[in-house]
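Here, each number is a calculation from the coordinates, and none is a lab measurement. Because the structure is a prediction, the values reported are computed rather than measured. Note: ideal-geometry Cβ built from the backbone for every residue, glycine included; neighbour counts use all protein chains shown.
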Amino acid sequence: MAVCPVYTTQSLNSTCSISTPSKTHFSSHHNHLVFYRTSKRTSKRGGSSSCVITCSAGDSQTVVIGLAADSGCGKSTFMRRLTSVFGGAAEPPKGGNPDSNTLISDMTTVICLDDYHSLDRTGRKEKGVTALDPRANDFDLMYEQVKALKSGIAVDKPIYNHVSGLLDPPELIKPPKILVIEGLHPMFDERVRDLLDFSIYLDISNEVKFAWKIQRDMAERGHSLESIKASIEARKPDFDAFIDPQKQYADAVIEVLPTQLIPDDNEGKVLRVRLIMKEGVEHFSPVYLFDEGSTISWIPCGRKLTCSYPGIKFSYGPDTYFGREVSVLEMDGQFDRLDELIYVESHLSNLSTKFYGEVTQQMLKHADFPGSNNGTGLFQTIVGLKIRDLYEQITASKTAAPLQATKA
Ligand SMILES: Nc1ncnc2c1ncn2[C@@H]1O[C@H](COP(=O)(O)OP(=O)(O)OP(=O)(O)O)[C@@H](O)[C@H]1O
Ligand SMILES: O=C(CO)[C@H](O)[C@H](O)COP(=O)(O)O
């Protein structure tokens, strides 16, 4: 009996109906039903016909968030801030591959899209392509698996092992409440993009990326300055062609630039950070400073906020980004005392906090994370709170929908 190559795993709290061209075999496996097609049937034209498995998720609803950025641009730090907003620690799957890239907490599962590399390190070298090149990635599988998870179906996701550079045996991923897909290409493939309920792009300018890379790869990983420069240069053409263009699709972009408060600064320590928020996105209303829609420039330094050189400057206002209407909140400079952030927080509106001072509390909780004293940490925290709000709105609207249908 030939086993059809198409199979799916289905979590037990879902309802499935199966129509098959021939016999379908299903069995219980790791707490999941596994459906196999047991034979291929040839259609009149000679191609193989497909097995249709229609499943509806039980009461689970997965909200899907996309986070795009180049390597070393703060995705992991952002993820740690985001999962902290939902409470609970994020950990790799228990008892699984120690080199798994997945992080699971009560509410969230973060999967790294490097796991969809179709070519391993040697394969890329042989073919002369980088990991940023779409030819080194399996977008069909990415789409199928994100779609399955979104509809409540568990998947066996491959693992790209960053230690060995090989593709390891897959790991089982169950549909979470919130699925975050982070990596190089969450918005590259239109089909995957359409599955996202919210998307973020971390746009780190070349100068800052270079400074961060030096800090991490030289200080922590022992790489030489020349090798860091060479690796950035080697990735740049593919970064420009395949990664950077995704920012036009993002609902929120965190742009990190050198400061304008120090003339000709080239140290990259003081940062100007812009939070670009699209208008008209369902379940998302941009944060504003003082007065929604106005153009504001604010220097908060003085009696209530301690600032040393070069100070802090906030700006806010409407703008356009890739032809779309956006609101932009900008912070240039860095905080001296994080506890005084409450003063800034009290002047921001639409933060989606659950209590007064929640942004400041989150920032103080993770004061040791990179960027906690500047706009990168502040805006990542704010986006985390907006995602919590978006999740709550989506689940509330889905719960309300059947009730309304019954009433009608
Ligand atoms: N906001 C920040 N301010 C200063 N440095 C930062 C900031 N965010 C990240 N970095 C620097 O960049 C490094 C990489 O950050 P992080 O691990 O979060 O990035 P990543 O995108 O997940 O990287 P990779 O994809 O390579 O794993 C940090 O070790 C730190 O040196
Ligand atoms: O751009 C990257 C995303 O993190 C990595 O460079 C890519 O995944 C290739 O991995 P490795 O460096 O292990 O060969």
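Summary table below
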| read-out | value |
| --- | --- |
| For the range 154-164, 3J(HN,Hα) per residue [Karplus equation, 6.51 cos²θ - 1.76 cosθ + 1.60, θ = phi - 60°, Hz, x = Gly/Pro] | 6, 9, 9, 8, x, 10, 8, 8, 6, 7, 8 |
| Entries of Lys127/Lys157; Lys94/Lys229; Lys213/Lys278; Lys94/Lys236; Lys157/Lys236 with Cα pairs more than 32 Å apart | Lys94/Lys229; Lys94/Lys236 |
| Cut-off under 5 Å, modelled amide H: who pairs with Ile312 long-range | Cys301 |
| For the range 334-364 and the range 291-329, distance of Cα centres in Å | 15 |
| Neighbourhood net charge (10 Å Cβ-Cβ; Lys/Arg +1, Asp/Glu -1) for Lys157 | -3 |
| Label-point separation in nm, Ser227 to Asn350, each point 7 Å along Cα→Cβ | 4.7 |
| Rg followed by Dmax, in Å, when the range 289-408 is reduced to its Cα trace | 17.5, 63 |
| Amide H partners (placed H, <5 Å) of Thr62, local residues excluded | Gly152 |
| Amide N proximity, the range 133-147 versus Glu126 label position 7 Å along Cα-to-Cβ, cut-off under 20 Å | 133-139 |
| Set of aspartates and glutamates with alpha-carbon distance to Lys365 below 15 Å, sequence-local pairs under 8 removed | Asp339, Glu340 |
| Residue-wise HN-Hα coupling along the range 373-381, computed from phi with Karplus coefficients 6.51, -1.76, 1.60 (Hz; x: Gly, Pro) | 9, 9, x, 5, x, 4, 6, 5, 5 |
| Partners for Lys75 among aspartates and glutamates (Cα-Cα distance below 12 Å; same-chain residues under 8 apart left out) | Glu182, Asp203 |
| Centre separation in Å (Cα based) which lies between the range 373-390 and the range 123-185 | 26 |
| Sequence of Cys301, Cys112 once ranked by neighbouring C-beta atoms within 10 Å, starting from the fewest | Cys301, Cys112 |
| Under 18 Å from Lys150, Cα to Cα: lysines that are on another chain or at least 8 residues apart | Lys174, Lys177, Lys398 |
| Built amide H within the under 5 Å cut-off of Tyr321, gap 5+ | Val326 |
| Under 12 Å, Cβ to Cβ, from Pro134 - net charge with Lys/Arg +1 and Asp/Glu -1 | -4 |
| Residue exposure sequence - Met331, Met107 - by fewest surrounding Cβ within 10 Å | Met107, Met331 |
| Residue-span extension gain [Ala241 to Glu91] - 0.36 nm each, minus C-alpha spacing | 50.7 nm |
